[in-house]
Amino acid sequence: MIATATELARGVVKLLSLPTAYLRLSELLQDPTTSAEDLGAVVRYDPGMSSRLLRIVNSPLYGFPDEIDSVSRAIAIIGTRQFEDLILATTAVDTFGKIPNELFEMSKFWEHSVLCALASRSLARRCSVLDGERLFVAGLLHDVGKLVIFNKLPDLAQEALEIAQTPAHGLHIAEQQVFGFTHGDVGSELFTRWGLPASLQAVARFHHRPTEARIFSFETAIVHLADTVVNRAESYHDVADELPRHEPAAWERIGVSKNILGEVLAEVNDQFTTVLDVISPSTVRHKRA
């Protein structure tokens, strides 16, 4: 009998947990009296986290003219909400990287995820969203349910991958046919059990069918379009062509024209290698080998 999405997520939670430093930071961020120095003190106890935060703040993602050389200054400049988003992005990649998979290259998975994260942030900025980092995180983590399925149900996952090769099927359609649920459902259940934001839960569950999202429909539409655009670009097709398997209503939901796609992809390409090196340095090392 095939496990449910909830059961798969429950099994992962028993094996993996988010880093203690992230959990402590989340607690502090609920306290309105917490200062940037308080947050910086927690991050400094985790040298890897501290280094990655400073690298990403000093990357082309932000484009600050002067180098930011301390965690507390970084937090003061970008704000606590964006700080929390960036810490979640970097720590989640570390956590999910501990799930072994043999059905696909992890480097390809994180390359696609970072491209979607950057495209989501770029689209959000063109929609005048001030906190684009929350869309960056949503784009980065929208597919993590795949890692769980490929690890826990490898034979059936292979069957779904083979079905997805036919023109009429996307992977999520094949998964529904084989498992009775999708990688989006698994990712959403996992985020729920980890207590991650409801917006991440909604985006994960509905990024292939954004019109079904009853809450956080804007965020879901953004990531859906970013995913579609990146898939088209990765297939070496002209993104000005009709986009495959996308919901036209998503463009109406975010209120911008498809004419911006060239600008979005140019911005993504400019930032991609540097940001990938911060988010998933092992992937960049793999590419250079």
TODO: Compute the relative contact order of the chain as a whole-number percentage, counting only Cα pairs closer than 8 Å that sit 6 or more residues apart in sequence.
DONE: 21
TODO: Would you work out if region 128-200 is rounded, prolate or oblate? Take a ≥ b ≥ c from the square roots of the eigenvalues of the alpha-carbon gyration tensor; rounded if a/c is under 1.5, else prolate when a/b is larger than b/c, oblate otherwise.
DONE: prolate
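If a/c stays under 1.5 just call it rounded; otherwise compare a/b with b/c (prolate if a/b is bigger, oblate if not). Do that for region 17-98, with a ≥ b ≥ c from the square roots of the Cα gyration tensor eigenvalues. Kindly include the intermediate steps, with their values, before the conclusion.
Details: a/c = 1.79, a/b = 1.14, b/c = 1.57.
Here region 17-98 falls in the oblate category.
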Open item on the list: If I take R0 = 22 Å and measure r between the Cβ atoms of T211 and E263 in this structure, what FRET efficiency does the formula 1/(1 + (r/R0)^6) give, to the nearest 0.05?
Closed with: 0.30
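If you stretched the chain out fully between L23 and T274, how much longer would it get, using 0.36 nm times the residue separation minus the C-alpha to C-alpha distance? Could the numbers behind the result be given before it?
Details: separation 251, 0.36 × 251 = 90.36 nm, distance 2.69 nm.
Once the chain is fully extended between L23 and T274, it gains 87.7 nm.
Just add up the charged neighbours of D69: K/R +1, D/E -1, any other residue whose Cβ is under 14 Å from the Cβ of D69. Walk me through the numbers before you get to the answer.
Working: positive: R44, R55, R73; negative: D66, E67.
That sum, taken over residues with Cβ under 14 Å, equals +1.
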Task: Degrees separating the helix 261-279 axis from the principal Cα axis of the chain, which is the longest one - done: 60
Task: Semi-axis lengths (Å, descending) of the ellipsoid that matches the C-alpha gyration tensor of region 104-247 - done: 23, 19, 14
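Readers should treat all values here as calculations from the given coordinates under stated rules, not as data from a laboratory. In this text the structure is predicted, and so the values were computed from the model without any measurement. When we count neighbours, we look across all protein chains shown, and the Cβ atoms used for this are built from the backbone with ideal geometry, even at glycine.
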